1. Report the GluC sites (Glu not before Pro) located in segment 86-134 that are in a DSSP loop and have at most 11 other Cβ atoms inside 10 Å of their Cβ, or state none.
2. Cross-chain or 8 or more residues apart, Cα under 24 Å: how many lysine pairs in segment 235-321 fit that? Count them up, please.
3. What does the charge dipole of segment 235-321 about its Cα centre add up to, to the nearest 20 debye, if the Cβ of each Lys and Arg holds +1 and the Cβ of each Asp and Glu holds -1?
4. First check a/c for segment 70-134, with a ≥ b ≥ c the square roots of the eigenvalues of its C-alpha gyration tensor; if it is under 1.5, answer rounded, and if not, answer prolate when a/b is larger than b/c or oblate otherwise.
5. Amide H of Gly235 versus every other amide H placed in the peptide plane: which residues, excluding those fewer than 5 positions away on the same chain, fall under 5 Å?
Amino acid sequence: MLRFVRLFLLFVIMLAFSACGGGYASKTPPVADLQAQKKTDRLNEALIMSAAAASQRPLSEGYRIGPEDILDIDAYNLDELKKTVRVNALGEIALPLVGVLRVKGMTPSQVEREITKRLDRYVEQTVVNVTVKEFRSQRISVVGAVKNPQVFAITGQRYLLDTLMMAGGLADEAGRVCYIIRQVRTGETGKPVEEGAKPRSETIIIDLDELLIKGNYALNVPVYANDIVNVPRGGIFFVDGEVNAPGSYTLSGKMTLVQAITMAKGVSPEAQLGDVRIFRDNGKGERDVISADYGDIRDGKKPDILLEENDIIIVPKSGLKSFFGSFMNTVRGFVSLGTYTVVK
C-alpha cells in the first residue's frame, strides 16, 4: 500500500510539472497537399494542350538550315534567281548574282536578308523569299523520366513541347526541370557554326512548372539536330525518428518541411516538435544542420522551410514524453492489478 501511495504522489507531482511546462500533446498536421502527388498528371495534361496549341506553327519557323535541305528561292523582278536548290554537304548554295552563300545554321529569314544585301549592287529594291521545300532528317535524343525515351528522326523545326510529346509525355518520377544539351562552336545564338572552332557543350535549363502549369511559352524553346533533351528523375529526401512512416520519399517540385512530415504520416505522440533537424549536403562531403521548430511552423508562427534533394529530416523523441508514457503504463498496470486483486 505504501508503494502505491508513493507512486501516486510521484504521478501527481509530474503531472503538475507537465501542466506548468505547457501542453505536450502533439497536434495532427494538416491534411497533405495531394497536388504534389498529382503533379505529373497535371503536367502531362498541360503538355498535351500546349502541344496542340503550338501545332499550328509552320515547320520552317525558326528552322536552322542544314546540308541536304532543299530550298525554294524567289526574288521580285529577278527571274534568274527563282530557283530550287539543294544545300550541299558543306552547307552552301550557289545563286546567280549572289555567288556561293553559306547557309548552314541560318534561318530562312536570315538567308533572305543576306541575299538581299548581296543584290543591292545590282538592283535598287527587291523582295526575296526563301522557304524550305524539303527538310533533311534530324536526330534528337529524348532521355530520362519520359515514357518512351529514344532517339527520334524528325523533319522541320521542332520545339521542346514537340519532343516531349513524341516521347509519350512525362513519367511519374519526372522532376520539375528539363535540360537541353547541345554542342555549339560559337557563343552567339543564331549565328552559323564556325568551321574549325572548338565545340563546347551548352545546357539550357527549363522550369517545367513555369512552362506547362503557368503557361510561360517563351520557355518552349526550339530544339536542333543532335540536341539531347533530358528530363531527370525527381530527387529524394529521407524522414526518420518520431514519425509514423519513416523512409525515403520523392522530392516533387517545391516541397516543404510540413509537407514532408505529412507524407511520413505525421509525428508520433512522443515527438519533440521544437527540435526537428534537417541535415543538408553542403557539396563538400559534409552536411549542414538546420534546426526547426516544427510546431511553430505547422501553426503558422514561423515560415516553412523548402527542402532540397537528399535532405535528411530527423524528428527526435521527447525524453519527458517518453517518461510520461512509460509511467502512465506502469500506473495503469498497477491499479489494474490492485483492483483485480481486490475484486477477486
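1. Sites meeting the loop and neighbour criteria: Glu124.
2. So the count of such lysine pairs works out to 12.
3. Numbers: 11 positive and 14 negative charges, 27 e Å.
The dipole of segment 235-321 has a size of about 140 debye.
4. The shape class here is prolate.
5. It is Leu251, by chain and number.
Throughout, read-outs are computed from the coordinates displayed, never taken from laboratory work. This one's a predicted model, so the numbers in the text were calculated from it and none came from an experiment. With ideal geometry, Cβ positions are generated from the backbone for all residues, glycine too; neighbour counts draw on all protein chains shown.
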